[in-house]
Ligand SMILES: [Zn+2]
């Protein structure tokens, strides 16, 4: 399976050193939204979708405080819809949106591909639509959320993949695309495992934020540690699942493990693809 790595939303918050772990405290940091475009035999699938064209047209819907803190670049070339077209594909061929979770910086693609089936964990869809607390109202943007009628939802369990519980995201037709429940950041947060032409990829969503968190001696910059705690829905579960992802990365160096917003892992994946 051919896989494209796309950055579907650059964010430039203050404090480069405290966000990216190096550089100046006075310069802007760089975070990205890591998406994958999968070329399946019967169409295309998008794994996570950053910010969408509707978000760029109306950034206020993302919430004033999020825009102020994250400082999204809002570049019209970045939404998945624009990048699918730039790669020469017909957006109508995007049949599936496989989402690690429904936070506003992952679900922006949903309104841009209204014909696509949305694959998401059942707990995530329920939490996003319920939006019971101020925190959920902040993180889930109503204008992005998929109508449950166009969703295929998943429960825990099913298959085992590299020691983690997973479930085939696109049915038996595509056994090499798995949703791996990793709750904690949100109620139904998942990772997505994909077998590409060049080996397994594991998109760990927001189960960790910085490549150093899955190193043998885990570490992360101050601002990312703060953000991670503030965004937790279930801290013990988030910690346990981050440990599982680290164990996966250390035990299976053949798997390319990356998270949703780390520019270092994104640049490495793009460079590896360009070198082939
Ligand atoms: Zn995120």
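Can you tell me which of (1) out of contact with any strand residue (DSSP E or B) (no Cβ under 6 Å at 6 or more places or on another chain); (2) buried (at least 24 other Cβ atoms within 10 Å of the Cβ); (3) not in a helix (DSSP H, G or I) is the one residue 38 doesn't meet? Every condition holds for residue 38 apart from (1).
So that you can scan it fast, the table gives a plain yes or no per residue for (1) away from the ligand (no atom under 14 Å from the Cβ); (2) under 20 Å from residue 180 (Cβ atoms):
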site	(1), (2)
106	no, yes
121	yes, yes
127	yes, yes
137	yes, no
152	yes, yes
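Among the residues of region 253-261, not a single one is assigned to a helix (DSSP H, G or I), at negative phi and either touching a strand residue (DSSP E or B) at 6+ places or on another chain (Cβ under 9 Å) or touching a residue at least 12 places away in the same chain (Cβ under 8 Å) (or both). Checked against (1) in contact (Cβ under 8 Å) with a residue 40 or more places away in the chain; (2) more than 16 Å from the ligand (Cβ to nearest atom), residue 110 passes all but a single condition, namely (2).
Restricting region 200-232 to residues that are within 22 Å of residue 134 (Cα to Cα) and within 13 Å of the ligand (Cβ to nearest atom) leaves a set whose member that is surrounded by the most Cβ atoms within 10 Å (Cβ to Cβ) is 207. From the list 33, 109, the one residue that fits, being more than 20 Å from residue 150 (Cα to Cα), under 13 Å from the mean Cα position of the chain (by Cα) and surrounded by 23 or more Cβ atoms within 10 Å (Cβ to Cβ), is 33.
Results for (1) at pLDDT 95 or above; (2) in contact with a strand residue (DSSP E or B) (Cβ under 7 Å, 6 or more places away or on another chain); (3) assigned to a loop (DSSP other than H, G, I, E, B); (4) under 29 Å from residue 1 (Cβ atoms), shown as yes or no for each residue.
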residue	(1), (2), (3), (4)
185	yes, no, yes, yes
188	yes, yes, yes, yes
230	no, no, no, no
237	yes, no, no, no
240	yes, no, no, no
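Within region 60-104, the residues that satisfy the criterion of being closer than 20 Å to residue 145 by Cβ, out of contact with any strand residue (DSSP E or B) (no Cβ under 8 Å at 6 or more places or on another chain) and within 16 Å of the ligand (Cβ to nearest atom) are 63, 65, 66, 67, 79, 103, 104. Answer yes or no as to whether residue 187 is farther than 30 Å from residue 270 by Cα and away from the ligand (no atom under 16 Å from the Cβ). Taking the combined requirement at face value, the residue does not satisfy it.
The values are calculated or read from the model by the stated rules, or taken from the named source; none is laboratory data. Because the structure is a prediction, the values reported are computed rather than measured. FYI the Cβ positions are ideal-geometry reconstructions off the backbone, even for glycines, and counts take in every protein chain you see.
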